[in-house]
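Let me give you the structure first, and then I'll get to my questions.
What follows draws every value from the coordinates through simple rules; no lab data is involved. The model shown is predicted, which means the values in this text are computed figures rather than measured ones. Note: ideal-geometry Cβ built from the backbone for every residue, glycine included; neighbour counts use all protein chains shown.
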Amino acid sequence: MLCRSKTRLEWHVARIYRARNLLIYAGEESLFLVPLLDNLQNYLSMAVQRLIHELKQHPTWDVRHVVEWWSGKLNHILGSLEKNPNVLTIDDFI
């Protein structure tokens, strides 16, 4: 389910990017522009909240450290789910 969710999110971000390109380069507005913008605002808000939280928890980190940490955490969870799910704890998903 986590892999499917990741794939759906990637597709959704790609849709947002295509709508952006259509507007910028062709001057055409997507029929779903308003809902796409609402979703983009939600994604951005969540990303900024997580970024601020991690920077408060780790004052010596910068944005690059946070992105690398979250990327590593995702790879750890996905790899563990495939190979050895017993090593995962509830904290891995919170």
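Quickly estimate the mean residue ellipticity at 222 nm for the chain, helices only: each DSSP H run with n ≥ 4 gives -39500 (n - 2.57), and the total goes over all residues, rounded to 500.
Rounded to the nearest 500, it is -26500 deg cm²/dmol.
Right, another one. By how many degrees, 0 to 90 and rounded to 10, does the Cα axis of helix 2-26 deviate from the longest principal axis of the chain?
30 degrees
Separate question: Relative contact order for the chain: what is it in percent, counting Cα pairs under 8 Å that are at least 6 residues apart? Show your work: numbers first, answer last.
Values: 28 pairs, mean separation 16.3, N = 94.
Reported relative contact order: 17 percent.
What is the Cα coordinate range of the chain on the first, second and third principal axes, sorted by size from largest, in whole angstrom?
49, 33, 18
Sticking with this structure for a sec: Identify all lysines with a Cα-Cα distance to Lys56 below 29 Å; exclude those on the same chain that are fewer than 8 residues away in sequence.
Lys6, Lys73
On a 0 to 90° scale, report how tilted helix 33-57 is relative to the longest principal axis of the chain, with both axes built from alpha carbons and the result rounded to the nearest 10.
It works out to around 30 degrees.
In degrees, nearest 10, range 0 to 90: what is the angle between the Cα axis of helix 63-83 and the longest Cα principal axis of the chain?
Relative to the chain, helix 63-83 is tipped by roughly 70 degrees.
Using 7 Å Cα-to-Cβ label points, what is the Asp92/Ser80 separation (nm, one decimal)?
About 0.3 nm separates the two model spin labels.
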